[in-house]
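Here the structure is laid out as structure tokens; the discussion comes afterwards.
The values are calculated or read from the model by the stated rules, or taken from the named source; none is laboratory data. In this text, all values refer to a predicted model and were calculated from it rather than measured experimentally. Cβ placement follows ideal geometry from the backbone for every residue including glycine, while neighbour counts extend to all protein chains displayed.
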């Protein structure tokens, strides 16, 4: 957890241990130096030399000066132990005089700043209020900071194992109250003193061993090479990864300095000291504030977090994340008086944090965009890879290992070990065991905020939730229904109902049923099973196209948030139901239709159902059972009814009689079908068809089927019934509203004309004069045409009704040039009846581009540059194929604009040029020639407020910027193709690229990234130009270097040998740079591995990065790069035919470092993953990596989970090697073991090679104890 944005990230298990009173702070000279101003160990030596008056020839003085002259080496520390100064002084002076001088030298000034000491005293206070703190400082500042505390010094040290252990322990002694001399018998300052305390007498070492057996220890105010630390840790003889019980705050991020701690069994906690030590002490002060009042700290944090994740800084979001990673933290969140808002779900779920950027409102007028990662990222998140903002279909990849509140954590293992825990959400949530305690608390919080809109929106795409959480939500719905907004309550009801309807896949069900029918034959039970495969299913999902939840407010949010639909499943083919089971099958499939009717009415709130036609065209094949929506089930049912009519008319009539007469949609469609069949007497058929109310009889859903039924039975009807139909058609109408566009009369006449025209042309003989009736209606139905009548019974399926764009330019064709743009502005409107949006200028740009250009030219003469019309004109599809003359005119018009005006059109102009493509290097070369220089003058004036994000790739910016598009355009020049290696490029072509590179600021970087993308090709053709214009920044550590490398890494193309050698220095520097973005590690590591992977013995050597160089990078770089190299190696070596498989073991033996800096729990976990994935190389890989492993800490190791199909799991195939691996990575403290490791131990206990191995017995003992 990071208490401050620039502070150290304190391990969460350390925070928990401190709260439990299980941590001892071990305080060094840095504590008294920082704010109280006392000397460190080296300065103390110099001060004592001066107080004692040592001569200039004094060996102690000479040693002091030599130490001052020798700068410490990273990872080595001081070259000479400073305690030797005091040993030499004791050879020149009496020991007592040296000790007295030490006491005088550390006497603080009047009223020293004791804030650091008070901070550590508060952090050292246990649950019972007892302070337990150990220091090697001689001063009495802790006593001054907390008067009244018990204090002790050597040799009378308290027993850390005793119940009464407490107070301030001066392990190396202390001064007297007046700072005149030692206050204890032992005063550890010289080499001899340290040797006696830790080696010969060993009382200090025994004290530390007892302390470590009971407590975790945190070193504060020490360097890894400080004498007290060196003697202490060497006496304890610990090793890396040992029980994770020792921690030390480490200034800076140097891996070698951290390794000095790690190899002695101490976990380094780095912090940024580039601007001093305040980040550490301010963080410790914040931690102490938490320690003084844990309840208050939680309350304050939760109160701050109540503003929602987007209002907080990343480190505060990280605090909430780590709070929810622990059982205690999750418990407090679950019982908070005011629960965290549901918007926190967006930060707790990596799918939401790393959701792709996009517009806040996809279909609104605002162009504002949102990147969820920028608003939701945690301070310890790995930044995502660059995304192409134009590729809206591709999701952004969630970085591997990203934290999720809903995934199992190592703290979940504190629950009963034998329990198989359930999952919080997801497809398996309904099928697994109980929730862990932490996830249960998280579920309690979730159900408390389930009434908030974000909770429903999130769950709709992440469910189903665990059954226990669903139970809590349902109880809350019953107990406090008023808390829930109507749409949210309704949404949860439907969502839970959809989760509870568990089904097998219909194709799988078909396969199983088909086998069973083949074996057992048909029965009513099998018919029920078959019908169940088609049973309608409620579907609930997030509503498409709503604004992003980060933009919601209490008063402004989408409603509804979720969409409801009825899914009509079906298998991939049908089974043949025998005739004897057909009547029963019809009943069961009718029940499916009735369920569909009920569900459709329930989710819509009315009985209206959208139906496509189930009436095929004359002579066409029947409508398919797999048609969309309800059409398929109705078509299938009608197919069954057709068979039933043939084999048992009485049963068919009985079935028809059971259809509800009050449903005018699904069963109304069935009645229309029945009325069209001869099995239904004409009189009954007429009653069925005339029985529909006006909104159905005249409506569109049943129109086609009704018209066909009337036509098919017209001659069967009695004259009286035909007269009733004529009366209905001539006198009734759809109940149009008064606001109908064009008026009710127009709509009525339009619909009546459609039906009269279609029926009369289909052979229906009316008793009245149809032509006269239609003639009287035509003047009223303005715009009606015979085509409309001919299409009256056309199928409306499947079409998606959308608002079309009417780009008809006729409105503008005769307008004066100076009025065209204004008329175009006024013309934009939608017609309800025709579903169109008027954009006449778009059509003018396509059909009469010269006239459109004239209008834009006229506006330019008036000093206007209408960007929207210019954009529409330049984006017109015809612009790509315009005549040479017109394209030249357009280019000339653009070139004539002032630089300021042209700068506003830089983006559409660049896109227009890009669309012309290769034509600009042929017949349109003059266009590019005339426009290029004006664009170069205009671009620097462009007002572009899009600033580059530090954590984003320059490629993202360049793809959507004018310079990026222009650079991409130049790549299409045919003169650059098919050129010989080293031939170079045309001078004009390189000049233009140089102009792009000469643009200021970010525009230059947009050019660099596009050229970097092509650097392999550029270098092959024009090596000298590439060196002069691109490779000069390959070592640049600023934005230029970042942009070039972003292009190179974006392309991810392996360079040629010659280019690789030139890129190599920059590549190696980038690999080891602390400023490298974490997202780059994937490609950088791949480049490095490719460079190493060649044959070193070839002539010339194919290995461009030597084993020694790659090893150096692995030592000097960070965990991300090391991990990515192992990831590539794992995946590349998985191919049995690839050369990389033969390189795997040599890499581990010859390249992977033995250095302590690399022997971290994180890298050990990655090496274990690599070993487990290595297949038949597992024993060899284990043999290579075991010497390089340290115990891992918690988490989950990929590949270790045992599954029923895992016959080739290495634990089963190579148990001896697996045991050797586990022995290396499992710490003494079993509470920090990886998740589910006990399953592997159980497998090894069954294997003959390992069941009697004492190492397995010891591991099982640790797990049990």
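A few remarks follow.
- Residue check, residue 505 closer than 27 Å to residue 422 by Cβ and surrounded by fewer than 16 Cβ atoms within 10 Å (Cβ to Cβ): yes
- Residue check, residue 599 surrounded by 15 or more Cβ atoms within 10 Å (Cβ to Cβ), assigned to a helix (DSSP H, G or I) and outside the structural domain of residue 709 (by TED's automatic domain parsing): yes
- Residues of segment 717-727 satisfying the condition of being in contact with a helix residue (DSSP H, G or I) (Cβ under 7 Å, 6 or more places away or on another chain), outside any loop (DSSP other than H, G, I, E, B) and surrounded by 17 or more Cβ atoms within 10 Å (Cβ to Cβ): 721, 725
- Being modelled with pLDDT of 85 or more, outside the structural domain of residue 743 (by TED's automatic domain parsing), under 17 Å from residue 842 (Cα atoms) and part of a helix (DSSP H, G or I) is a property that does not hold for residue 811.
- Single unsatisfied condition, residue 540 versus (1) in a helix (DSSP H, G or I); (2) surrounded by 19 or more Cβ atoms within 10 Å (Cβ to Cβ): (1)
- The residues listed here are 653, 593; of these, the one that is in contact (Cβ under 8 Å) with a residue 40 or more places away in the chain and not in a loop (DSSP other than H, G, I, E, B) is 593.
- Positions within segment 1-56 being buried (at least 20 other Cβ atoms within 10 Å of the Cβ), within 42 Å of the chain's Cα centre (by Cα) and part of a loop (DSSP other than H, G, I, E, B), in sequence order: 1, 3, 7, 8, 10
Yes or no, residue by residue, for (1) at pLDDT below 90; (2) surrounded by fewer than 20 Cβ atoms within 10 Å (Cβ to Cβ); (3) under 20 Å from residue 1172 (Cα atoms):
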| position | (1), (2), (3) |
| --- | --- |
| 1099 | yes, yes, no |
| 1121 | yes, no, no |
| 1134 | yes, yes, yes |
| 1140 | yes, yes, yes |
| 1146 | no, yes, yes |
| 1151 | no, no, yes |
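- Single residue of segment 43-83 satisfying the filter (closer than 30 Å to residue 1155 by Cβ and touching a helix residue (DSSP H, G or I) at 6+ places or on another chain (Cβ under 6 Å)) that is modelled with the lowest pLDDT: 75
- Residue within segment 581-591 that is within 30 Å of residue 345 (Cβ to Cβ) and either modelled with pLDDT of 90 or more or not assigned by TED's automatic domain parsing to the domain that holds residue 495 (or both) present: no
- Some residue of segment 569-591 being surrounded by 15 or more Cβ atoms within 10 Å (Cβ to Cβ) and in contact with a strand residue (DSSP E or B) (Cβ under 9 Å, 6 or more places away or on another chain): yes
- Residue 1110 passes every criterion in (1) in a helix (DSSP H, G or I); (2) closer than 22 Å to residue 400 by Cα apart from (2).
- Just one residue in the set 144, 197, 224 is under 50 Å from the mean Cα position of the chain (by Cα) and assigned by TED's automatic domain parsing to the domain that holds residue 34; that residue is 224.
- Meets criteria (assigned to a helix (DSSP H, G or I) and either without any contact (Cβ under 8 Å) to a residue 24 or more places away in the chain or surrounded by fewer than 20 Cβ atoms within 10 Å (Cβ to Cβ) (or both)) for residue 670: no
- So residue 709, is it out of contact with any strand residue (DSSP E or B) (no Cβ under 6 Å at 6 or more places or on another chain), surrounded by 17 or more Cβ atoms within 10 Å (Cβ to Cβ), at pLDDT 95 or above and in the same structural domain as residue 696 (by TED's automatic domain parsing): yes
- Qualifying residue in segment 196-204 (condition: part of a loop (DSSP other than H, G, I, E, B) and either within 28 Å of residue 35 (Cα to Cα) or at pLDDT below 85 (or both)): no
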